[in-house]
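Data first, discussion second: the structure below is written as structure tokens.
The values are calculated or read from the model by the stated rules, or taken from the named source; none is laboratory data. Quantities reported herein were computed from a predicted structural model and do not represent experimental measurements. Cβ placement follows ideal geometry from the backbone for every residue including glycine, while neighbour counts extend to all protein chains displayed.
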Amino acid sequence: MNKEIIQNLLQRDARADRVVPPTGYTAHLTLFVSGAMAFLAVFVLALSLASGRLADRWATELAGAATLRINAPADQLAAQTEAALTVLSQTPGVASARALTTEEQAALLLPWFGPDLPLDTLPIPQLIEIIEGDPGLDTAGLRLRLGAEVPGAVLDDHTRWREPLVDAAMSLRRLGWVSILLIGGATAAMVTLAANASLAANAQIIEVLRLVGARDSFIARAFVRRFTYRAFFGAVVGVLLGMTGVLLLPEASDEGGFLTGLGLRGVGWLLPALIPLLGAAVAFLATWTAASRKLKELS
Amino acid sequence: MIELENVSYTYGGGELLSDVSLQLQSGSFHFLTGPSGAGKTTLLKLCYGALLPTSGRLSAFGENVAGLDRDQMALLRRRIGVVHQDCRFLDHMTVAENVSLPLMVSGQAEAAKREDLSELLSWVGLGSRLDALPPELSGGERQRAAVARAVILSPDVVLADEPTGNVDWEMSQRLLRLLVELNRMGKTVLIATHDLSLIRAAKSHVQARVLRISQRQVQLAGADL
């Protein structure tokens, strides 16, 4: 299919378009399907972009940090904390290390235990926040040294739970893109069905057009243009409704966690504009293929 | 123009035409007659490429029709105007749009000026029915609109399948005069009809060869008509 054919297909010719009756259930089917699929595509796109953002954030924010937990009897806790800070200050790759205050530790436990828990009466371990420098931290070496000098210290470099979380977010993103491909495939299948039904319903018209000397390309164009424009306008409506839905989603917040960060951000808002174009392209190819095959059958 | 050499056509195991040879020369006028079911429509369909011979050779304008692809066949049909018994219009389009359909499909839509269409439709007596829809036309009007559509591309050959089948005597004479007029303009005309009175009436207007299909073969009809 060359450039000239595509241009001819996209140029509206009201008189030529009239050869196919303008109404029929296939028109409504195409509009509805492309609208519904575009609506779903907007949400999947938003989910996929949000998953990507989340994966990036977890990967970057947590990669350069580690936490040291001191589990020691109350009377040894301060001494072991001091010893650990000394070790950390002498360890290459540690940019900074500081012990969390009682208030900061209470804030971390607040979501689980509520505000009225008497933390000072409980044996809470002391947490030390470590920010890695450049070059990075030799966690294996640090663990060995801490094991010798600070017996109650447990080093958590976040690897244990950061990687599964990033993997999960990346999987979610991949799932989003697979869903978009499936939506495209389902749209193509439905448009093909509708185009085939329309071609079959208009077999007599095709026969008349052939009798007066119409080439297959003329007949196919009449159908392809119609389905392409229907798919485009259906998708425009679907995208507008989908974007309205995304706009109404709650803003991202710490309290809501991941579920409140699903919306579109920045240039991400421009991406749904591609959906009607992609929908039209899918309908174009699906109808062209269906029409070519059907016209061959009818000859 | 159109030549059949030993053409046979078989459908569903039965032979409808057997070893038919026929030449439609430029500017000639032919009637094709025979009882219903004799194969007149089949022969016409072979002439405009809607059917291909089972055996034998069919050529149109010097080309072997069997060797044409679908695009070439479309170009061939632009040189052959066909008037069908059932007219075959697109009922959702007006008479003017239906008549200009051959111009539209051949990429000459801009040539379909309303005043030219009006002139053509006036020639067939439908000057006031440009904007009517086909279902609103009488049988005779439909046939005349079909004649207008068949000639709008100024084809070399006009084939008419029972053009007077659904009209009264007066209208059949009117249609006959239109087809005779086309022949005088140099068009090759072949009319398939079972109406012998139409053939007799034509004798005073045009020098026509009368062919009869009988027992799956085409013969030149005798003086008994």
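Below, the figures for the structure above:
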quantity	calculated
Of the criteria (1) crowded, with 16+ Cβ neighbours inside 10 Å; (2) assigned to a strand (DSSP E or B), which one residue B:50 fails	(2)
Considering residues of the range B:84-142 that are in a helix (DSSP H, G or I), exposed (fewer than 14 other Cβ atoms within 10 Å of the Cβ) and at pLDDT 90 or above only, the residue nearest to the chain's Cα centre (by Cα)	B:135
Criterion (at pLDDT below 90 and on the phi > 0 side of the Ramachandran plot) met by exactly one of A:257, A:213	A:257
Hits in the range A:75-101 (condition: polar (S, T, N, Q) and either exposed (fewer than 12 other Cβ atoms within 10 Å of the Cβ) or outside the structural domain of residue A:144 (by TED's automatic domain parsing) (or both))	A:89, A:90, A:96, A:101
Close pairs from the range B:65-79: first at the interface with chain A (Cβ under 7 Å from one of its Cβ atoms), partner exposed (fewer than 14 other Cβ atoms within 10 Å of the Cβ) and in a loop (DSSP other than H, G, I, E, B), Cβ under 8 Å, at least 6 apart	B:70/A:299
Close pairs from the range A:195-216: first closer than 15 Å to residue A:227 by Cβ, partner part of a helix (DSSP H, G or I) and among the hydroxyl-bearing types (Ser, Thr, Tyr), Cβ under 6 Å, at least 6 apart	A:195/A:287; A:197/A:26; A:198/A:26
Residue check for residue B:75: outside any loop (DSSP other than H, G, I, E, B), modelled with pLDDT under 90 and under 21 Å from the mean Cα position of the chain (by Cα)	no
Condition check for residue B:61: modelled with pLDDT of 90 or more, within 26 Å of residue A:296 (Cβ to Cβ) and surrounded by fewer than 22 Cβ atoms within 10 Å (Cβ to Cβ)	yes
Residues of the range B:24-39 satisfying the condition of being closer than 27 Å to residue B:78 by Cβ and modelled with pLDDT of 90 or more	B:24, B:25, B:26, B:27, B:28, B:29, B:30, B:31, B:32
Unmet requirement for residue A:189, which otherwise passes all of (1) surrounded by fewer than 16 Cβ atoms within 10 Å (Cβ to Cβ); (2) within 14 Å of another protein chain (Cβ to nearest Cβ)	(2)
Test: residue in the range A:223-235 that is touching a Gly at 6+ places or on another chain (Cβ under 7 Å), aromatic (Phe, Trp, Tyr) and buried (at least 17 other Cβ atoms within 10 Å of the Cβ)	yes
From A:184, A:213, A:152, A:176, residue being within 15 Å of residue A:33 (Cα to Cα), of a type in the set (Gly, Ala, Ser) and touching a helix residue (DSSP H, G or I) at 6+ places or on another chain (Cβ under 7 Å)	A:184
Failed item, numbered, when residue A:11 is tested on (1) under 30 Å from residue B:109 (Cα atoms); (2) modelled with pLDDT of 85 or more	(2)
The range A:261-277: number of residues that are farther than 17 Å from residue A:56 by Cβ and of a type outside the set (Gly, Ala, Ser)	7
Answer from A:215, A:221 - the residue that is under 30 Å from residue B:158 (Cβ atoms), of a type in the set (Lys, Arg), within 14 Å of chain B (Cβ to nearest Cβ) and in contact with an Asp or Glu (Cβ under 6 Å, 6 or more places away or on another chain)	A:215
